[in-house]
Amino acid sequence: MRNVRGVIGGGVAIIVTGIFFLIPFAFILLTAAKDKTESALLEFSWPKNFVLFENLQAAFVARDYLMIIAFFNSLVLTVVSVAALVIFSAMVAYIWQRRGGRSAGFVNAAVLLGLIVPPAIVPTVFVLQKLGLFKTMPGLIFIEIAYGLPFCILLFRAFLAGIPRELDEAALVDGAGPMSIFFRVILPVMKSVIVTVTILQTVFIYNDFQNPLYFLPGSGAPTIQTTLMGFQSQFLTQYHLLFATILLVTLPPLIMFIFFNRKIVEGMAAGSVKG
Amino acid sequence: MTHTAPLTNQAGTARTRPPRAGRSRRRTGPYPLYFLLVPAVIYGVFFALPTLLSFYYSFTRWDLFTATWIGVDNYRAFFGEQALVTGLRNTLVFGVLTSGAKVVLGFLLALMLTSKIIARGYLRSVIFFPVLVSTIGVGLTFTILMNPERGLINQALGTIGVAGPGWLTDPALALISVALVDIWKGVGLATVIFIAGLVSIPTEYYEAAALDGASKFQIVRNVMLPLCRPATASVITLSLIGGLRSFDLIWAMTKGGPGFASDVIASVIYKQYQAGFYGLSTAGSVVLFLLVTIIMVPLTWWLNRGEDN
């Protein structure tokens, strides 16, 4: 009897979420598969002339293969920033959680400020310019690391609280130095939270628009999000190409979601409920 | 770096013991402060230093090379110009509206997804997926779906006899429309946080409530809501901070328009920066900083305090 209600409730929920959440994505896919004239009608209909692959190709070729350059830049930005974030925030969280005392108070304050305070844009541009890092990929990578540290440190710290100190002490008794204790003993047991941090930051940094817009402007080395925004004016009357681009930009998160669904959802929930 | 650094460190902290004493080495030895060095420099140079500089430069006329002290003129300009005051008000409206809606909808969806309905895993995935999608992609898509004449939303409303509004073209509605899309994109995160909070409530509470003859509504009201308070606190904190700083979606959908009807502080900062008014833009950053701090610090304190009781 109870199951009947479950089936009805679930059925209604499937229809309602279908309307609100699936139709927008179906619209992207369908429009990306239409030819120029049909896509301009903005209708939610099956393409008369199915040209999805031609459109994807055209989106790639547009503006001298800008998409490929942008994908490459986003890849470099994401991989380097995330790798650095994982190592650095794990180290900070390790010292913070294990050491206590005045340094812990200092880290605590820095993390809280980093979570709340919105970055001051123009002074950051100014600092980057003084260092010769404005409009450069390394500059943007430093920015992503600086802005991502507080959140990642919190995630690592929460996890470290569950790892017994005896582990570090046993390694210490065996004569291991701080570096080898951290890299050979602590990092390996943090594998699951490393995966979580990696996935979350990959999504955040790949999707980031504001920071590349400010700190890596110009057409030299765009990321995928700024390129998509630029295509909007470029493709003002070419909705098929605009949506082919949106589809391409959406594919990497979709692929990640298919493979790491559970891990992403758990990580987001765990990371958000305070560490 | 070698092992000498931690030894000197601990010699400084543990004054009473000689540096090589075994007990002291065990206490601080494996946790050297030089682990903090690189991240502290990155955080300091690229985040903390610009934040400190912003207080000075917000009182100047600034072209990045020379700065002329002009006192509070930037702030006077900021609060004197109608467009910028609208931005301030819109930031508050946007932040409160989106985080409020995410709390209510997220909690209701989490209730649904922890009840005994079919296809829970599927439903959770569908609701959550927009969280991962590019904000710009979502913004551009909805801009087209919200097209007043040809957009899918108004066409669908037309078939059931409702004349859809000019979602993004009506100045009174533009900000609300962007907020709706922000809620659409973000409610999945609120939902999974609430689900995590709800499933962590021990079943004994439900059993005790059922034994006392509590109705379903009473269980939700008196058991579930208070016990998932940490989750509620997280959702409020996260979405309010995100909402007050929000830029990407607004920029992708309206660029603050029509006119400046949907401008928020973050988009004002960008526009002033583009126009070359660096001092004014920096004053905007300081205003945003103060706004977020004034709201978030007491709120975080209040939310966490309630948790201890």
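No lab work stands behind these numbers, since they all come straight from the coordinates. Because the structure is a prediction, the values reported are computed rather than measured. In this analysis, Cβ positions are derived from the backbone assuming ideal geometry, glycine residues included, and neighbour counts consider all displayed protein chains.
Please report the spacing between the Cα centers of segment A:165-184 and segment A:54-81 in Å, no decimals.
For segment A:165-184 versus segment A:54-81, the Cα centre distance is 44 Å.
Before rounding to the nearest 500, sum -39500 (n - 2.57) across all DSSP H runs of length at least 4 in chain B and divide by the residue total; then give [θ] at 222 nm in deg cm²/dmol.
Theoretical 222 nm ellipticity from helices: -21000 deg cm²/dmol.
Work out the charge dipole of the protein assembly as shown with +1 on the Cβ of Lys and Arg and -1 on the Cβ of Asp and Glu about the Cα centre, then indicate which of A:Asn207, A:Phe183, A:Leu133 is farthest towards its positive end.
Of the options given, the answer is A:Phe183.
With Cβ to Cβ distances under 14 Å as the rule, what net charge do the other residues near B:Leu84 carry (K, R +1; D, E -1)?
The answer is 0.
Provide the three semi-axes, in whole Å and in decreasing order, of the ellipsoid equivalent to chain B as defined by the square roots of 5 times the Cα gyration tensor eigenvalues.
Numbers: eigenvalues 328, 262, 61 Å².
Taking √(5λ) for each Cα gyration eigenvalue gives 41, 36, 17 Å.
Can you classify the protein assembly as shown as rounded, prolate or oblate using the Cα gyration tensor, where a ≥ b ≥ c are the square roots of its eigenvalues, rounded means a/c under 1.5, and otherwise it's prolate if a/b beats b/c and oblate if not?
Values: a/c = 1.63, a/b = 1.23, b/c = 1.32.
Taking the square roots of the gyration eigenvalues as a ≥ b ≥ c, the protein assembly as shown is oblate.
Under a cut-off of 17 Å between alpha-carbon atoms, report the lysines in cross-link reach of B:Lys216, not counting same-chain residues fewer than 8 places apart.
B:Lys116
If the only charges are +1 at each Lys and Arg Cβ and -1 at each Asp and Glu Cβ, what is the size of the charge dipole of chain B around the Cα centre, to the nearest 20 debye? List each step's numbers first, then the result.
Values: 23 positive and 13 negative charges, 275 e Å.
Charge dipole of chain B: 1320 debye, to the nearest 20.
Evaluate the distance, in nm, between pseudo-label points positioned 7 Å from the Cα of A:Ala109 and of A:Phe183 along their respective Cα→Cβ axes.
According to this spin-label approximation, the distance is 3.2 nm.
Please report the spacing between the Cα centers of segment B:197-221 and segment A:200-271 in Å, no decimals.
Distance between centres, Cα-based: 42 Å.
Which of the pairs A:Lys34/B:Lys185; A:Lys135/B:Lys271; A:Lys191/A:Lys263 have their Cα atoms more than 22 Å apart in this structure? Could you put the intermediate results ahead of the total?
Values: A:Lys34/B:Lys185 26 Å; A:Lys135/B:Lys271 19 Å; A:Lys191/A:Lys263 12 Å.
As for pairs spanning more than 22 Å Cα to Cα, those are A:Lys34/B:Lys185.
What residue among B:Gly188, B:Gly166, B:Gly213 has its Cα farthest toward the positive end of the dipole of segment B:154-309, where the charges are +1 on Lys, Arg and -1 on Asp, Glu, each on the Cβ?
Result: B:Gly166, furthest along the dipole toward the positive end.
Between beta-carbons, use under 9 Å as the cut-off and find the net charge around B:Leu113, counting Lys and Arg +1, Asp and Glu -1.
Details: positive: B:Arg120, B:Arg124; negative: none.
Neighbourhood net charge equals +2.
What is the distance in Å between the Cα centroid of segment A:2-43 and that of segment B:235-309?
If you average the Cα positions of each part, the centres end up 33 Å apart.
About its Cα centre, what dipole magnitude does the protein assembly as shown give when the only charges are +1 on Lys and Arg Cβ and -1 on Asp and Glu Cβ, stated in debye to the nearest 20? Mind dumping the intermediate values first?
On the way: 41 positive and 25 negative charges, 335 e Å.
Dipole about the Cα centre, nearest 20: 1600 debye.
State whether segment A:200-266 is rounded, prolate or oblate according to the following rule on the C-alpha gyration tensor (a ≥ b ≥ c being the square roots of its eigenvalues): a/c under 1.5 gives rounded; otherwise a/b larger than b/c gives prolate, and the remaining case gives oblate.
Working: a/c = 3.49, a/b = 1.44, b/c = 2.43.
Judged from the Cα gyration tensor, segment A:200-266 comes out oblate (a/c at least 1.5, b/c at or above a/b).
For chain A, with only Lys/Arg (+1) and Asp/Glu (-1) charged at the beta-carbon, what is the dipole magnitude about the Cα centre, in debye rounded to 20? Intermediate values should be presented prior to the final figure.
Values: 18 positive and 12 negative charges, 115 e Å.
In total the dipole reaches around 560 debye.
What distance in nm lies between label points placed 7 Å from Cα along the C-beta direction at B:Ile160 and A:Glu43?
Here the modelled spin labels are 2.2 nm apart.
With a ≥ b ≥ c the root eigenvalues of the C-alpha gyration tensor of segment B:21-101, is it rounded (a/c under 1.5), prolate (a/b larger than b/c) or oblate?
Working: a/c = 4.65, a/b = 1.84, b/c = 2.52.
Oblate shape, in that a/c is at least 1.5 and b/c is the bigger or equal ratio.
Net charge within 14 Å of A:Leu56 by Cβ-Cβ distance, Lys/Arg positive one each and Asp/Glu negative one each, not counting A:Leu56 itself? Kindly include the intermediate steps, with their values, before the conclusion.
Numbers: positive: A:Lys34; negative: A:Asp35, A:Glu54.
Overall, the nearby charge balance is -1.
Compute the orientation-averaged projected area for segment A:61-272 from the convex hull of its Cα atoms and round it to one decimal in nm². Intermediate values should be presented prior to the final figure.
Details: hull surface 56.2 nm².
Taking the Cα atoms of segment A:61-272, their convex hull projects to 14.0 nm² on average.
Starting at the first residue of segment B:286-299, write each ³J(HN,Hα) from the Karplus equation 6.51 cos²θ - 1.76 cosθ + 1.60 with θ = phi - 60°, in whole Hz, x for Gly and Pro.
In residue order, the calculated couplings are 5, 4, 5, 4, 5, 4, 4, 5, 4, 7, 6, 5, x, 5 Hz.
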